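Trainee: Have a look at this one before I ask anything.
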Amino acid sequence: MLPRGIRNHNPLNIRRTAKDQWKGLAERQQDAAFCQFKSLEYGWRAAFYLLTRTYYHKYRLYTIRTIIRRWAPSSENNTEAYIANVSRLTGISPDEPLGIPSDQSARWMMLGAAMAIQENGTSSLDYFAMLRGWELVRNE
């Protein structure tokens, strides 16, 4: 059985809210807690939108540590273990600035991939869908 985030085409497990208006949302939202998308590309698009537009530009979060502390709060996760694993997978220090998303796209894609591994494991990730999702959000 595939992990929930992959079944929902939502690799970072974006939670549902009353204001959800994501591009590519599935017509029927059958998961009470997490968004469901029409395809993995749209799930990745939403993930990268949140990471680069909301977390980086709006909240001014520039490091793995600051991003993960907001994304995976200690009330729901072992946040420090999440930070350590994402840092280990990416090879980027938790407190090192990731850089401007348009200039450092590989670092932001590595962040997304490492977070998806943390959320879902490695065996079911589609990295081509991830790249297509990055293109969707960057071409808006």
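Trainee: Checking Met115 against (1) open to solvent by less than 40 Å² (accessible area, probe 1.4 Å); (2) modelled with pLDDT under 95; (3) not β-branched (Val, Ile, Thr): exactly one of these is not met. Which one?
Mentor: (2)
Trainee: Given the conditions (1) in contact (Cβ under 8 Å) with a residue 24 or more places away in the chain; (2) open to solvent by 20 Å² or more (accessible area, probe 1.4 Å); (3) of a type in the set (S, T, N, Q), and given that Asn139 satisfies all but one, which numbered condition is not satisfied?
Mentor: (1)
Trainee: Could you list all residues from segment 93-128 that are within 28 Å of Leu2 (Cβ to Cβ) and among the hydrophobic types (A, V, I, L, M, F, W, C)?
Mentor: Selection gives Ala106, Trp108, Met109, Met110, Leu111, Ala113, Ala114, Met115, Ala116, Ile117, Leu125, Phe128.
Trainee: Among the residues in segment 87-101, are any under 15 Å from Leu136 (Cβ atoms), surrounded by 21 or more Cβ atoms within 10 Å (Cβ to Cβ) and touching a residue at least 60 places away in the same chain (Cβ under 8 Å)?
Mentor: no
Trainee: Follow-up question, since we're still on this one. Name the residues in segment 21-73 that are surrounded by 13 or more Cβ atoms within 10 Å (Cβ to Cβ), basic (Lys, Arg) and within 15 Å of Asn10 (Cβ to Cβ), would you?
Mentor: Correct list: Lys23, Lys38, Arg45.
The values are calculated or read from the model by the stated rules, or taken from the named source; none is laboratory data. Everything numeric in this text was worked out from a predicted model, so none of it was measured. Here the Cβ is made from the backbone with ideal geometry for all residues, glycine too, and neighbour counts use every protein chain on show. What goes into the accessible areas is simple: the full protein's heavy atoms, side chains included, and nothing from ligands, DNA or RNA. Shrake-Rupley method; radii C 1.70, N 1.55, O 1.52, S 1.80 Å.
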